[in-house]
Amino acid sequence: MKIAVIGLGYVGLPLAVAFGKRYPTVGFDINRKRIEELQEGIDRTLEVDKEELQEAKKLEFTSSIDDIGEATIYIVTVPTPIDRHKNPDLHPLIMASRTVGRVLKRGDIVIYESTVYPGCTEEVCVPELERESGLKFNEDFFCGYSPERINPGDREHRLTTIKKVTSGSTPEVAQKVDALYRSIIEAGTHLAPSIRVAEAAKVIENAQRDINIAFVNELALIFDRLGIDTLDVLEAAGTKWNFLPFRPGLVGGHCIGVDPYYLAYKAKEVGYHPQVILSGRRTNDEMGLFVANKVVKLLIHKGHAVKGSRALILGVTFKENCPDIRNSRVIDVVKELQEFGVEVDLHDPWADGDEVRREYGVELLQEIPDLSSYDSIILAVAHDQFREIDLSQKREDQVVFDIKGILPREYVDKRL
């Protein structure tokens, strides 16, 4: 058995490393720079350190399709984003399927980990595999689906310590797929009855979190009008044993801010217009605008001319202590403030400046500047470094908006 992992991002690399400790494994990615860095023991996602890479003695990296042709199991871990219309963008998944199809052989198994809507593997990916390979599904080759559960930046909940859902296109293949993952997942596996069930399980995990966060975000909008601190309310309510501890915030990232649109897309395709899911998405997508508009109102209240005022935003990654900037909603705050004529500076010690520039057209400050030179300061991401910021010299007319609720209360004008 030889395994090929297609796509070496936050999901694919940890998986390739885990398999590479036990089985001959090749990690494939079309980004040559990424391959060169990994061959040198450098992982810019910070999910795998150099020692872990060295421990994967049976793992090789390549950007050449010629190097994956001997594999018998292909695991696809490419991203599944949304387009500007918030519909599923399956281009990376389709291209990866075509790549695998060109080298697919009789008896091979193709496993997908990318988050999709129920039915996508068999309705979209399988036809691409058949077309490229000339082979017949469930006769010449087989498929499986095992949704990723990677939590970027989380050093406690790792690939091997999170229970893995598995599935296969036939009962026999399902058992093989389950056994394969069970050999590396310490937390064990859950064998779903079908690929469609496994696909659905993944997409509702994040839709559920999105809806719960949307609820507390809506509470934040209500309590703002009532002059009540939302975090004070949540702390009080949280004293009940079964109250769910969700917090308001900007909902970005590769999963929670994206996956509900996949489920909504499929629901509408079969004639059902999802109201709760899309309502939650609208609420969460509008939080950046609320933050920016609240900062503007606070500036006016403190006697500032909004146009030409200076704002410092701390954090751009989608979560704390992690370099992942995918689908960052902090950018919504940046753009809205700029629309008001505010001069915005952005600092994040975890984010890669070149990546932020390419993705969002924004320059990052390398270091935290003199805070006294800004009219407003917005704490957007709860990086550990920001917890140590000294605000004791804050001017009376400065506005401090703490989205994450980690700064000393006496210096904060508004918390989300």
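State yes or no: is Glu123 open to solvent by less than 10 Å² (accessible area, probe 1.4 Å), out of contact with any His (no Cβ under 6 Å at 6 or more places or on another chain), within 19 Å of Leu263 (Cβ to Cβ) and charged (D, E, K, R)?
When the stated conditions are applied, Glu123 does not pass them.
For Asp332, indicate whether it is within 24 Å of Lys307 (Cα to Cα), outside any helix (DSSP H, G or I) and of a type in the set (Asp, Glu).
Working: within 24 Å of Lys307 (Cα to Cα): yes; outside any helix (DSSP H, G or I): no; of a type in the set (Asp, Glu): yes.
For Asp332, the condition - within 24 Å of Lys307 (Cα to Cα), outside any helix (DSSP H, G or I) and of a type in the set (Asp, Glu) - is not met.
Would region 13-24 turn up any residue that is modelled with pLDDT of 95 or more, touching a Pro at 6+ places or on another chain (Cβ under 8 Å) and open to solvent by 80 Å² or more (accessible area, probe 1.4 Å)? Reasoning before the result, please.
Our first condition is that a residue be modelled with pLDDT of 95 or more; within region 13-24, this holds for 13-24.
The next check asks that each one be touching a Pro at 6+ places or on another chain (Cβ under 8 Å); those that pass are none.
No: zero hits.
Residue check, Ala179 against (1) open to solvent by 10 Å² or more (accessible area, probe 1.4 Å); (2) out of contact with any helix residue (DSSP H, G or I) (no Cβ under 9 Å at 6 or more places or on another chain); (3) assigned to a helix (DSSP H, G or I); (4) touching a residue at least 60 places away in the same chain (Cβ under 8 Å), all met but one. Which one?
The one condition Ala179 does not meet is (4).
Given the criteria open to solvent by 60 Å² or more (accessible area, probe 1.4 Å) and farther than 22 Å from Cys143 by Cα, does Asp49 qualify?
Values: open to solvent by 60 Å² or more (accessible area, probe 1.4 Å): yes; farther than 22 Å from Cys143 by Cα: yes.
It is true that Asp49 is open to solvent by 60 Å² or more (accessible area, probe 1.4 Å) and farther than 22 Å from Cys143 by Cα.
Kindly indicate whether any position in region 230-241 is buried (at least 21 other Cβ atoms within 10 Å of the Cβ) and basic (Lys, Arg).
The answer is no, given that none of the residues of region 230-241 is buried (at least 21 other Cβ atoms within 10 Å of the Cβ) and basic (Lys, Arg).
Filter region 369-413 down to the residues that are within 19 Å of Glu343 (Cβ to Cβ), of a type in the set (A, V, I, L, M, F, W, C) and at pLDDT 95 or above and list them by number.
Residues satisfying the conditions are Ile377, Ile378, Leu379, Ala380, Val399, Val400, Phe401.
For a quick check of your reading of the model, give me the residue pairs whose first member lies in region 295-321 and is open to solvent by 10 Å² or more (accessible area, probe 1.4 Å), whose second is assigned to a strand (DSSP E or B), with beta-carbon atoms closer than 6 Å and at least 6 apart or on different chains.
Leu298/Val399; Arg310/Glu343
Suppose we keep only residues that are open to solvent by 60 Å² or more (accessible area, probe 1.4 Å) and at pLDDT 95 or above within region 82-119. Which one would you say is nearest to Glu269 (Cα to Cα)?
His91
Using the structure shown, decide if Gly361 is among the small types (Gly, Ala, Ser) and touching a residue at least 12 places away in the same chain (Cβ under 8 Å). Even if it seems obvious, please write down each step before you answer.
Details: among the small types (Gly, Ala, Ser): yes; touching a residue at least 12 places away in the same chain (Cβ under 8 Å): no.
No.
Does region 127-153 hold any residues that are open to solvent by less than 30 Å² (accessible area, probe 1.4 Å), free of Cβ contacts under 8 Å to residues at least 40 places away in the same chain and either under 22 Å from Ala267 (Cβ atoms) or not in a helix (DSSP H, G or I) (or both), and which are they?
Selection gives Leu135, Asp140, Phe141.
Condition first: closer than 27 Å to Thr317 by Cα and either open to solvent by 50 Å² or more (accessible area, probe 1.4 Å) or touching a strand residue (DSSP E or B) at 6+ places or on another chain (Cβ under 6 Å) (or both). Can you find one or more residues in region 67-76 that meet it? Reasoning before the result, please.
Step one: of region 67-76, the residues closer than 27 Å to Thr317 by Cα are 76.
Next cut, either open to solvent by 50 Å² or more (accessible area, probe 1.4 Å) or touching a strand residue (DSSP E or B) at 6+ places or on another chain (Cβ under 6 Å) (or both) only: 76.
Yes.
For region 182-218, what are the residues that are within 21 Å of the chain's Cα centre (by Cα), within 19 Å of Ile111 (Cβ to Cβ) and surrounded by fewer than 22 Cβ atoms within 10 Å (Cβ to Cβ)? Talk me through it step by step, then tell me what you get.
Filtering region 182-218 for residues within 21 Å of the chain's Cα centre (by Cα) gives 198-217.
Filter once more, so that each one left must be within 19 Å of Ile111 (Cβ to Cβ): 198-203, 205.
Ala200, Ala201, Glu205 - these are the residues of region 182-218 that are within 21 Å of the chain's Cα centre (by Cα), within 19 Å of Ile111 (Cβ to Cβ) and surrounded by fewer than 22 Cβ atoms within 10 Å (Cβ to Cβ).
Out of the residues in region 203-249 meeting the condition of being polar (S, T, N, Q) and touching a residue at least 40 places away in the same chain (Cβ under 8 Å), tell me which one is farthest from Ile277 (Cα to Cα). Write out each step before concluding.
In the first step, residues of region 203-249 are kept if they are polar (S, T, N, Q); the result is 206, 208, 212, 217, 230, 239, 242.
Adding the requirement that they be touching a residue at least 40 places away in the same chain (Cβ under 8 Å) leaves 206, 217, 230.
Values: Asn206: 11, Asn217: 14, Thr230: 23 Å.
So, considering only residues that are polar (S, T, N, Q) and touching a residue at least 40 places away in the same chain (Cβ under 8 Å), the one farthest from Ile277 (Cα to Cα) is Thr230.
Looking only at region 366-399, count how many residues are of a type in the set (Phe, Trp, Tyr) and either open to solvent by 80 Å² or more (accessible area, probe 1.4 Å) or in a loop (DSSP other than H, G, I, E, B) (or both).
The total comes to 1.
Of (1) open to solvent by less than 20 Å² (accessible area, probe 1.4 Å); (2) under 23 Å from the mean Cα position of the chain (by Cα), Ala56 satisfies all except one. Which?
Unmet condition: (2).
Restricting to region 265-294, name every residue that is closer than 30 Å to Gly119 by Cβ, hydrophobic (A, V, I, L, M, F, W, C) and open to solvent by less than 70 Å² (accessible area, probe 1.4 Å). Break it down stepwise before answering.
Kept after step one, since they are closer than 30 Å to Gly119 by Cβ, are these residues of region 265-294: 265-285.
Narrowing further to those that are hydrophobic (A, V, I, L, M, F, W, C): 267, 270, 276-278.
Of everything in region 265-294, those that are closer than 30 Å to Gly119 by Cβ, hydrophobic (A, V, I, L, M, F, W, C) and open to solvent by less than 70 Å² (accessible area, probe 1.4 Å) turn out to be Ala267, Ile277, Leu278.
The values are calculated or read from the model by the stated rules, or taken from the named source; none is laboratory data. What you see is a predicted model, and the numbers here were worked out from it, not measured in a lab. Cβ sites come from the backbone with ideal geometry, for glycine too, and all protein chains shown count toward neighbours. SASA here: full protein model, heavy atoms, side chains in, ligands and nucleic acids out. Shrake-Rupley method; radii C 1.70, N 1.55, O 1.52, S 1.80 Å.
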